[in-house]
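Let me begin by presenting the structure, written as C-alpha cells, before commenting on it.
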Amino acid sequence: MVRKTILSLSLISILLGGCSIASVPTQSEASAPVSEADLEAAYDAYQEVLETYVDAEGLVDYVGLQQNREKLDQFNAAIAMVSDDMYNSWPEAEQIAFWVNAYNSLTLASIIDQDPIRDIKEIVGVWRIRQHPIQKQSKTLDDIEHQTLRVDFNEPRIHAALVCAAISCPLLRQEPFRGGNLDAQLEDQVQTFLAKADGFRIDQAAGKVYLSTIFQWFGEDWIPTYGIEEGFAGNEAERSVLNFISNYVSAEEKAYLEAGEYDVVYIDYDWSLNEQS
C-alpha cells in the first residue's frame, strides 16, 4: 500500500512537469497555528525577497531566488498556518492583501521549483492541479484567484496586483501588500499597469482603444461598481472597464472614451517569463 502511494505521488510529480507538489501540513502541524509575531517576521522575510530579487521594472531574478529560497519558503510556510480566528480578526483590506501576497509568492515558488526554470505556461497543472497549503487548507492558484478573491471581495483592482510570472502581467512590487496601505498600493498598481504598452493605450487616429486581455478575461468584475448604461463603447463589461479606466486618464482622453466612437481591441498576451535578463 505504501509502495502504491509512493508510485502514485511520483506519477503526479511527473505529470506536473517534474516538480514536487507543495506539501500539505500534517495533522500535528495543523494544530499549531502561526503566531502574529511569526507571521510578521515572515512578512519581513518576504519583503527582503522582493527587494532583493525584483527590480524596478518588476522583473525577477529567478536564478538567484532559486539558489536562495529560504526566506520565500519561510513566508509560504507561515501563510499555510494562519488560523481562521486570526484571518477573521483582520479587516477586509488585510484579508485581500493576504490572498494577493499568497498568489504572488506561491507563483514565485512554482517557477523556482522547476529545473530548469521555464515559462509558467510550460508548467503542467500550475494553476488548476498544483496544490498549496494555505490558511490550513489546500488550494490551487486558481482557487485563490477565482474562488476566493473574486468571490469574497468586490475589488477589481486585484487584477492589477496578481502577477502570473509573465511579461504581460502587472508588475511585481518590491514590497508585500499590506492592509493598512492597500488602497494606495492598488492605485499605484493600476496606474503602472495602464501605463504599460500592453496594458492600455488609445489610438485616436485609428479610432481604436487597446486593452490588456486581462480586461477581456475578467471584465465582468468591474460591472458591480463601474457598470454604466450610457457612453463608452462595447458590451456591458467593456463599458464598465472603460468607465473605470477613465478615472486614470487626462480630461481629453476621458471625453474621448465617454464618446464611445472607437473600436475596442485586445492586445495579444505575452506569456514569456518576467525574468531579468
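The values are calculated or read from the model by the stated rules, or taken from the named source; none is laboratory data. Here the structure is a predicted model, which means the values were calculated and not measured. Cβ atoms come from the backbone with ideal geometry, glycine included; neighbour counts cover every protein chain shown.
With respect to the conditions (1) hydroxyl-bearing (Ser, Thr, Tyr); (2) over 18 Å from the mean Cα position of the chain (by Cα); (3) part of a loop (DSSP other than H, G, I, E, B), residue 269 lacks only one, and its number is (2).
The residue list 158, 144, 167 contains one member that is in contact with a Leu (Cβ under 6 Å, 6 or more places away or on another chain) and among the aliphatic types (A, V, I, L, M), which is 158. The residues listed here are 143, 203; of these, the one that is among the acidic types (Asp, Glu) and within 26 Å of residue 119 (Cβ to Cβ) is 143. A residue that is at pLDDT below 95, among the polar types (S, T, N, Q), in contact with a Phe, Trp or Tyr (Cβ under 8 Å, 6 or more places away or on another chain) and not assigned by TED's automatic domain parsing to the domain that holds residue 226 occurs nowhere in region 139-153. Does residue 250 fit the bill of being without any contact (Cβ under 8 Å) to a residue 60 or more places away in the chain, in contact with a helix residue (DSSP H, G or I) (Cβ under 7 Å, 6 or more places away or on another chain) and not assigned by TED's automatic domain parsing to the domain that holds residue 105? So residue 250 does not fit the description; no. Selection of region 143-172 for residues being charged (D, E, K, R) and more than 10 Å from the chain's Cα centre (by Cα) yields 143, 150, 152, 155, 157.
Does residue 214 count as touching a strand residue (DSSP E or B) at 6+ places or on another chain (Cβ under 8 Å), over 30 Å from residue 40 (Cβ atoms) and in a helix (DSSP H, G or I)? For residue 214, the condition - touching a strand residue (DSSP E or B) at 6+ places or on another chain (Cβ under 8 Å), over 30 Å from residue 40 (Cβ atoms) and in a helix (DSSP H, G or I) - is not met. In region 197-222, the residues that are under 26 Å from residue 148 (Cβ atoms) and assigned by TED's automatic domain parsing to the domain that holds residue 242 form Cβ pairs under 7 Å with partners that are modelled with pLDDT of 95 or more and of a type in the set (Lys, Arg), at six or more places apart or across chains, as follows: 221/150. Taken over region 55-92, the criterion of being among the hydrophobic types (A, V, I, L, M, F, W, C), under 26 Å from residue 195 (Cβ atoms) and surrounded by fewer than 19 Cβ atoms within 10 Å (Cβ to Cβ) is satisfied by 56, 59.
Of the set (1) modelled with pLDDT under 95; (2) part of a helix (DSSP H, G or I), all apply to residue 277 but (2).
Taking every residue in region 49-63 that is over 14 Å from residue 273 (Cβ atoms) and pairing it with any residue that is buried (at least 17 other Cβ atoms within 10 Å of the Cβ) and among the aliphatic types (A, V, I, L, M), at least 6 positions away or on another chain, the pairs with Cβ-Cβ distances below 6 Å are 49/72.
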